[in-house]
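Chemist: So that we are looking at the same thing, I have put the structure below in structure tokens.
The values are calculated or read from the model by the stated rules, or taken from the named source; none is laboratory data. No experiment lies behind these values; they were computed from the predicted model shown. Neighbour counts run over all protein chains shown; Cβ positions are idealised from the backbone, glycine included.
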Amino acid sequence: MRLFPAILLFPMLLLLCGSADPGTVSVSVLKWKGGAAAAYTIIHDDLCNPSASGIHRYADTIAYNRGIRFGAGAIVGSCVRKGEPMWMIMERMVRHGHEILSHSWSHGAAVDLGRGGADWDVDRDVVMTKKVIEENVPGASVLYMIFPYDAYNDDRLEELKHHGYLGSRSGRRMYNDRGVVVDFNNYDPFRSNLFDAFVSKEEQEQLLAGRDSSPVSIYDNINDDIEIQHIDAAIGAGGWSIQELHAVDDEQPWGWGRMGVDRYRTLLDYVSDNVERGLLWVEPPTTVLRYIMTREHIDGPHLVDGNALTFALPGGVDARYATEISVEIRTGRDVSSVTGKQGDKTITARKTGSRTFVMDINPVFGNVVLTFS
Ligand SMILES: [Zn+2]
């Protein structure tokens, strides 16, 4: 009888200690989380404003049902007027993974647009909008600014940095900010976030008819499909497409850039199809810009002694940008699994090819010791 435990213990020990020789190992950071070809973000502007109806009634649920998280830019003074019911709605959106962004207090222009001066107060539009949302919406963290009318200048961007924001939807120059983010060598989370805005073909023809308007979209809207073109452009370039949307509604006839409910479902089906095919990584804006910042600035991963991954984030980079990045581990020989130990945490890599694995690692939690078996 005494032999029994020993007999059982022996193969268990073998299993625990059994590591395989992986041959020559190499590691690299993947451009986008999970190895997707491109990144994509939806931002609904004007949350709490009646003209942007349906964001919480339709968009929230349609996106949540497909596992898609978006950003929503709140006009915070309007949210305050709606009061408690709106905070509860926004709390549900945050629970669904959506990110609440600041879209100023009352949609004033941050720089003079020639309509009687700027309507911007840093304490109100930058500091108070962040504070009021964070105090009233459990779980919300406001780190990203959507400038009303896409109007900003360098001083406005510096104020955001000073007051704890991590990014904004702004290109290098006001009104020259449409496109796909493809230049990551000099990526600036306040100056590189190009985007495109949605309007239907019908609305665009009405909007632009007889009116000197800044270009709404960089795409030709001849086939009424600019939102699809913006996704395809990201995949084609391996870049990041940010899609500006507003209302999602059929009943309300008004609202700049309103998208019908069925059209929104079609868009999100297209998005989730591309996610399943490994072509798109879809997250709210701050999640994506954190990935870019970590990926672009990290020193490492370096493979030491064949099994330890070491990292360093340069001191000049705000640690709040640090996030989980996908590291590809290529082995020289076939192994069945790769696991990592980071402090007390065990991380299991996903096998993505005969000799390739992907492990998601947040480098701020320290070095990772790999085991191959
Ligand atoms: Zn707006």
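Chemist: Within the range 98-114, is even one residue over 22 Å from Leu194 (Cα atoms), in contact with a Phe, Trp or Tyr (Cβ under 7 Å, 6 or more places away or on another chain) and within 16 Å of the ligand (Cβ to nearest atom)? Steps first, please.
Modeler: At the first step, the residues of the range 98-114 found to be over 22 Å from Leu194 (Cα atoms) are 105-106, 114.
Checking the rest, the ones that are also in contact with a Phe, Trp or Tyr (Cβ under 7 Å, 6 or more places away or on another chain) come to none.
No - not one qualifying residue is present in the range 98-114.
Chemist: Among the residues of the range 69-85, count how many are touching a Leu at 6+ places or on another chain (Cβ under 6 Å) and away from the ligand (no atom under 11 Å from the Cβ). If you could, list the steps in order and put the result at the bottom.
Modeler: So the first thing to find is which residues in the range 69-85 are touching a Leu at 6+ places or on another chain (Cβ under 6 Å), and the list is 71-74.
Checking the rest, the ones that are also away from the ligand (no atom under 11 Å from the Cβ) come to 71-72.
Summing the residues that are touching a Leu at 6+ places or on another chain (Cβ under 6 Å) and away from the ligand (no atom under 11 Å from the Cβ) in the range 69-85 gives 2.
Chemist: Is it the case that the range 243-252 has a residue that's in contact with a His (Cβ under 6 Å, 6 or more places away or on another chain), at positive phi and crowded, with 21+ Cβ neighbours inside 10 Å? Even if it seems obvious, please write down each step before you answer.
Modeler: Of the range 243-252, the ones in contact with a His (Cβ under 6 Å, 6 or more places away or on another chain) are 243, 245.
Still in the list and also at positive phi: none.
Within the range 243-252, not a single residue is in contact with a His (Cβ under 6 Å, 6 or more places away or on another chain), at positive phi and crowded, with 21+ Cβ neighbours inside 10 Å.
To keep it simple, each residue is scored yes or no on (1) part of a strand (DSSP E or B); (2) of a type in the set (Val, Ile, Thr); (3) surrounded by fewer than 17 Cβ atoms within 10 Å (Cβ to Cβ).
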{"position": "Tyr40", "(1), (2), (3)": "yes, no, no"}
{"position": "Met93", "(1), (2), (3)": "no, no, no"}
{"position": "Trp105", "(1), (2), (3)": "no, no, no"}
{"position": "Ala118", "(1), (2), (3)": "no, no, yes"}
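Chemist: Okay, next question. So which residues in the range 136-157 are within 16 Å of the ligand (Cβ to nearest atom), over 28 Å from Glu84 (Cα atoms) and in a loop (DSSP other than H, G, I, E, B), if there are any at all?
Modeler: Ala151, Tyr152 - these are the residues of the range 136-157 that are within 16 Å of the ligand (Cβ to nearest atom), over 28 Å from Glu84 (Cα atoms) and in a loop (DSSP other than H, G, I, E, B).
Chemist: Starting from the range 76-96, take each residue that is charged (D, E, K, R) and list its partners that are surrounded by fewer than 19 Cβ atoms within 10 Å (Cβ to Cβ), counting only C-beta distances under 7 angstrom and pairs at least six apart or across chains.
Modeler: Hits for this filter: Glu91/Pro138; Glu91/Gly139; Arg95/Gly139.
Chemist: Also, quick follow-up: Taking Phe184 as the residue in question, decide whether it is within 16 Å of the ligand (Cβ to nearest atom), out of contact with any Cys (no Cβ under 8 Å at 6 or more places or on another chain) and modelled with pLDDT of 95 or more. I'd like the intermediate steps shown before the answer.
Modeler: On the way: within 16 Å of the ligand (Cβ to nearest atom): no; out of contact with any Cys (no Cβ under 8 Å at 6 or more places or on another chain): yes; modelled with pLDDT of 95 or more: yes.
In short, no.
To keep it simple, each residue is scored yes or no on (1) in contact with a helix residue (DSSP H, G or I) (Cβ under 9 Å, 6 or more places away or on another chain); (2) more than 16 Å from the ligand (Cβ to nearest atom); (3) outside any loop (DSSP other than H, G, I, E, B).
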site	(1), (2), (3)
Glu134	no, yes, yes
Glu159	yes, yes, yes
Tyr165	yes, yes, no
Gly171	yes, yes, no
Asn193	yes, no, no
Ile222	yes, yes, no
Glu227	yes, yes, yes
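Chemist: Test each condition in (1) among the polar types (S, T, N, Q); (2) under 21 Å from the mean Cα position of the chain (by Cα); (3) within 15 Å of the ligand (Cβ to nearest atom); (4) not in a loop (DSSP other than H, G, I, E, B) for Ser51 and report the one that comes out false.
Modeler: Status for Ser51: all satisfied but (2).
Chemist: Could you say whether any residue in the range 283-292 is part of a strand (DSSP E or B) and either away from the ligand (no atom under 16 Å from the Cβ) or surrounded by 20 or more Cβ atoms within 10 Å (Cβ to Cβ) (or both)? Give the derivation first.
Modeler: Keep residues of the range 283-292 that are part of a strand (DSSP E or B), which gives none.
Within the range 283-292, not a single residue is part of a strand (DSSP E or B) and either away from the ligand (no atom under 16 Å from the Cβ) or surrounded by 20 or more Cβ atoms within 10 Å (Cβ to Cβ) (or both).
Chemist: Okay, moving on. Out of curiosity, is Gln252 in contact (Cβ under 8 Å) with a residue 24 or more places away in the chain and outside any strand (DSSP E or B)? Write out each step before concluding.
Modeler: Values: in contact (Cβ under 8 Å) with a residue 24 or more places away in the chain: yes; outside any strand (DSSP E or B): yes.
Criteria met by Gln252.
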